[in-house]
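One structure is given here, and the rest of the page talks about it.
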Amino acid sequence: MMKVLGYAAKSAQVPLAPFEFTRRDPRPDDVVFEVLYCGVCHSDLHQARNDWGISLYPLVPGHEVIGRVTAVGDQVTGVKLGDIVGVGCMVDSCRQCQPCQQGLEQYCEQGNIQTYNGIDPHDSLPTYGGYSQTMVTTQDFVLKIPAGMDPSSAAPLLCAGITTWSPLRRWHIGKGSKVAVVGLGGLGHMALKLANALGADVTLFTRSASKEEDARQLGAHHVILSSSDAQMAEVAGTFDLIIDTVPYVHDINPYMSTLTLDGTLVFVGFLGDIDPMLNTVPLILGRRSVAGSCIGGIAETQEMLDFCGQHGITCDVEMIAIQDINQAYERMLKSDVKYRFVIDMASLHA
């Protein structure tokens with residue numbers, strides 16, 4: 001076992017603080033890497049504060065992890081010492097069920113093993129995330145970061161990037177497609193970049209006119225004020241896909257009539273009940289759908305990283321020291337970040 005320093009929430013009521021814990025001894029198929037950068041996701045805050053009622057303490061968050069390989073097991077292939085690698089939201093799955101066999105480990109029927117706040121089925125030990133010095137992960141869930149990609153701004157690709165890439169691929173978005181994005185935050189800004197790079201005609205739905213300039217710089221061709229009945233009427237029957245990135249309860253009914261025949265609105269940011277209730281008339285009369293999508297499989301995530309490497313795409317980030325994580329959480333609650341915090345883990349030793 002190796003001792004590791006990190007930052008942890010020791011209960012829902014206290015701020016994150018330094019925490020020493022142990023990582024497992026590497027297995028033959030394990031990759032050991034020094035954590036260089038770790039993105040800060042809204043789910044980190046929710047888990048740290050037990051907003052979903054499933055948190056296991058002490059809890060070391062972080063599932064957008066970039067590091068440099070320091071050791072490999074004797075069964076490891078394709079990864080070598082010094083490589084820059086990443087780990088996203090999962091570190092294992094059953095590997096046997098139908099979703100896993102299809103490369104959709106995020107939908108593992110046994111439940112994928114979360115990068116943190118999970119239990120490793122091999123040793124029954126808790127998993128701890130990337131707010132730490134070192135990680136040990138099976139090679140099958142380690143991703144290669146393309147050469148030349150900035151590792152600091154690549155970190156959020158492992159959650160925000162793949163969360164928006166997966167529905168774009170699932171609904172076959174490409175040249176000629178019309179895509180709209182609801183919400184301009186960590187997920188939304190990546191959806192704009194990726195949809196644009198795939199060749200789609202891209203629109204941002206927003207309630208704030210002040211976001212238009214940023215949206216266009218990020219890849220939006222059009223910006224629609226969702227609070228304007230006139231503007232919403234102008235785009236009726238337009239979109240093949242709407243990616244809804246908003247992380248809180250909101251009314252999706254106004255968006256349904258903007259979908260084309262067979263169009264789909266897909267949730268990627270909100271967990272919970274739709275409120276107000278969904279009116280089914282636009283669905284029935286336009287054969288429209290409401291769907292959900294969860295991150296992406298390992299192969300799909302590597303595909304996304306390679307695509308981003310080819311197109312020069314990374315996240316827009318604000319770098320912070322680990323000592324500023326609690327203030328960053330408060331700023332996230334106020335949407336005071338463009339568009340993702342990333343921790344420089346060298347600060348852990350400051």
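Annotations
- Here Gly62, Gly118 are screened, and the one residue that is surrounded by 24 or more Cβ atoms within 10 Å (Cβ to Cβ) and touching a residue at least 24 places away in the same chain (Cβ under 8 Å) is Gly62.
- Among the helices (runs of 4 or more DSSP H) confined to region 254-350, the ones with at least 2 residues that are open to solvent by 50 Å² or more (accessible area, probe 1.4 Å), over 27 Å from Phe19 (Cα atoms) and not assigned by the TED database to the domain that holds Gly219 are located at 298-311.
- The listed residue being within 22 Å of Gln323 (Cα to Cα) and not assigned by the TED database to the domain that holds Leu271, out of Thr115, Thr138, Thr77, Thr70: Thr115
- For Met332, the criteria (1) within 25 Å of Leu168 (Cβ to Cβ); (2) within 19 Å of the chain's Cα centre (by Cα); (3) at pLDDT 95 or above hold in every case but one, which is (3).
- Selection within region 13-26 - open to solvent by 30 Å² or more (accessible area, probe 1.4 Å) and part of a loop (DSSP other than H, G, I, E, B): Gln13, Val14, Pro15, Arg24, Asp25, Pro26
- Contacts under 6 angstrom Cβ, first residue in region 226-249 being over 17 Å from Ile295 (Cα atoms), partner open to solvent by 70 Å² or more (accessible area, probe 1.4 Å) and in a loop (DSSP other than H, G, I, E, B), 6 or more apart: Ser226/Arg207; Ser227/Arg207; Val249/Asp275
- Selection count, region 215-233, where residues are closer than 19 Å to Ile252 by Cβ, out of contact with any Leu (no Cβ under 6 Å at 6 or more places or on another chain) and of a type outside the set (Ser, Thr, Tyr): 5
- Region 27-52, residues that are more than 30 Å from Gly272 (Cβ to Cβ) and either open to solvent by less than 70 Å² (accessible area, probe 1.4 Å) or at pLDDT below 95 (or both): Arg27, Pro28, Asp29, Asp30, Val31, Val32, Phe33, Val35, Leu36, Tyr37
The values are calculated or read from the model by the stated rules, or taken from the named source; none is laboratory data. Quick caveat, the model's predicted, so the values are computed rather than measured. Neighbour counts are summed over all protein chains in view; Cβ atoms, including those assigned to glycine, are modelled from backbone coordinates with ideal geometry. For the accessible areas, the whole protein counts, side chains as well, though only heavy atoms, and no ligand, DNA or RNA atoms are used. Shrake-Rupley method; radii C 1.70, N 1.55, O 1.52, S 1.80 Å.
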